[in-house]
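Presented below is the structure to which this report refers.
The values are calculated or read from the model by the stated rules, or taken from the named source; none is laboratory data. Predicted model, so just to flag it, every value in this text is computed and none were measured. Here the Cβ positions follow ideal geometry from the backbone for every residue, glycine too, while neighbour counts run over all protein chains shown. SASA here: full protein model, heavy atoms, side chains in, ligands and nucleic acids out. Shrake-Rupley method; radii C 1.70, N 1.55, O 1.52, S 1.80 Å.
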Amino acid sequence: MANPGPGNSITLRIDAPSNFSVTSELAAAAASAGAAITALDVVESHPTSIVVDLTCNTIDDEHATRIRDAVEALEGVHVRQVSDRTFLMHLGGKLEVVPSVPLRNRDDLSRAYTPGVARVCMAIAEDKSKARNLTVKRNTIAVVTDGTAVLGLGDIGPEAALPVMEGKAALFKQFANVDAWPVCLDTKDTEEIIKIVKAIAPVYGGVNLEDIAAPRCFEIEARLREELDIPVFHDDQHGTAIVTLAALVNALKVVKKKIEDVRIVVSGVGAAGNAIIQLLLAEGANEIVACGRDGAIVAGVEYADAHRREIAATTNPRGFQGSLKEAMVDADVFIGVSAPNVLDENDIANMADDAIVFAMANPTPEVDPVVASKHAAIVATGRSDFPNQINNVLAFPGVFRGLLDAGVSDITAPMLVASAYAIASRVEEDELNASFIIPSVFDPLVAGAVADAIVRAVESAAAGKSAAEKE
């Protein structure tokens, strides 16, 4: 299933003879080794030679070596250097701090810093709530991780998690103009993480928990929500759940089924799986079978994990017992947030007619999407090289934009559902088809739609509370 992609993009700087056909020969040699060529530029020219930069997508490091060898096999050609474009992008990090006010002269300095800043400090000291309007707290999010569940890489530590958190912060800014900063903690202790986040909270308007392994992530989120007066959002849980529901809303329209009528199998009962299940239940799903490594979660079995106990109590109404593969028989929907290649073609063939498959394990899905598409009506993944990418970036920037704009700390199920429908609505009825159930992550209107949905949900809840109090 592996294909050349921009995540493994390289540039070869090549010394070559200055003959008429050399550039086409270079391109042909690279292509013969499986390179997906994206650019070919002559960067220097001399009487008998030229210097060419050949940029291409590869599969992995071994593939890049084969491409280099194929090019260098040409007569008179020498590869001077191979640059990894992904590593070059990360040199020095992907973030910087830029002042939002000019500091041009003594007048500016006297107001931005001493002596004028002392007046602002004293105003906040007298009323801490003023920090929200008079500091970066108004628009700044802490992206907090302990590096224990990073992408599909597992427990790689806080230093190795930092590039991901930087990327997350960049997405916040790019898509919702929310300032965010990585906070990578060198501890796995639940109480210590809670204590640290509470201690740094005065700087931030919200906390985005990221890549913290289950089940600790559940307690950390619950405690911080209870003990802080700013919103706390675990993106691996709720961001994934929002975008999954958005995709499912539109997928069900395509196959003309209703959520209350379909049988849904969920593979993976960690942070993402648990949140997806809870949101599907909130939206009216009646039959969900959740499967862990040992098969279906079912009432009557003793589970050490409180979240598995909750899943057992609220799902699997028929009491199905068996493996994931057995659960797939006659299922209408499969949602995978688990592990690579846990299903095969026969498993998808055993599903109900017009089946929906969301295989979201990254980078290798639970089932090959091409194989799944032979039998399922709709296939979605977490990957960018297949249609229907279910990507959290569709949710979290707009969610925090809305929370910051509304000035609330509580995050409720109606907000999450409203966010999902806001995302789903960005695919117009006349655009909707099996290969387009979810908008592009680059749709510039998604974040605003989600933010507006959050604000409306807050206003609706406030109006309902006011009406109830009057009664």
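Values for this structure:
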read-out: Wholly enclosed strands (runs of 3 or more DSSP E) of region 1-75 bearing at least 2 residues more than 27 Å from residue 365 (Cα to Cα) and open to solvent by less than 20 Å² (accessible area, probe 1.4 Å); value: 5-17, 49-58
read-out: Single residue of 288, 311 found to be in a strand (DSSP E or B), open to solvent by less than 70 Å² (accessible area, probe 1.4 Å), in contact (Cβ under 8 Å) with a residue 24 or more places away in the chain and among the aliphatic types (A, V, I, L, M); value: 288
read-out: Residues being in contact with a strand residue (DSSP E or B) (Cβ under 8 Å, 6 or more places away or on another chain) and open to solvent by less than 50 Å² (accessible area, probe 1.4 Å) - total across region 171-186; value: 7
read-out: Residue match in region 89-98 (condition: open to solvent by less than 90 Å² (accessible area, probe 1.4 Å), farther than 19 Å from residue 200 by Cβ, assigned to a helix (DSSP H, G or I) and touching a helix residue (DSSP H, G or I) at 6+ places or on another chain (Cβ under 7 Å)); value: yes
read-out: Contacts under 6 angstrom Cβ, first residue in region 197-215 being aromatic (Phe, Trp, Tyr), partner outside any loop (DSSP other than H, G, I, E, B) and open to solvent by less than 30 Å² (accessible area, probe 1.4 Å), 6 or more apart; value: 204/140; 204/142
read-out: Single residue of region 120-143 satisfying the filter (touching a Phe, Trp or Tyr at 6+ places or on another chain (Cβ under 9 Å) and assigned to a helix (DSSP H, G or I)) that is surrounded by the most Cβ atoms within 10 Å (Cβ to Cβ); value: 137
read-out: Residue within region 112-119 that is within 30 Å of residue 212 (Cβ to Cβ), open to solvent by 90 Å² or more (accessible area, probe 1.4 Å) and free of Cβ contacts under 8 Å to residues at least 60 places away in the same chain present; value: no
read-out: Residue pairs meeting the criteria (Cβ under 8 Å; at least 6 apart or on separate chains; first closer than 19 Å to residue 360 by Cα, in region 136-155; second β-branched (Val, Ile, Thr) and open to solvent by 20 Å² or more (accessible area, probe 1.4 Å)); value: 150/156; 150/164; 151/164; 152/364
read-out: Only one of 146, 189 that is at pLDDT 95 or above, acidic (Asp, Glu), farther than 28 Å from residue 449 by Cα and open to solvent by less than 10 Å² (accessible area, probe 1.4 Å); value: 146
read-out: Subset tally (residues that are over 18 Å from residue 461 (Cα atoms), open to solvent by 40 Å² or more (accessible area, probe 1.4 Å) and of a type in the set (A, V, I, L, M, F, W, C)) for region 389-433; value: 0
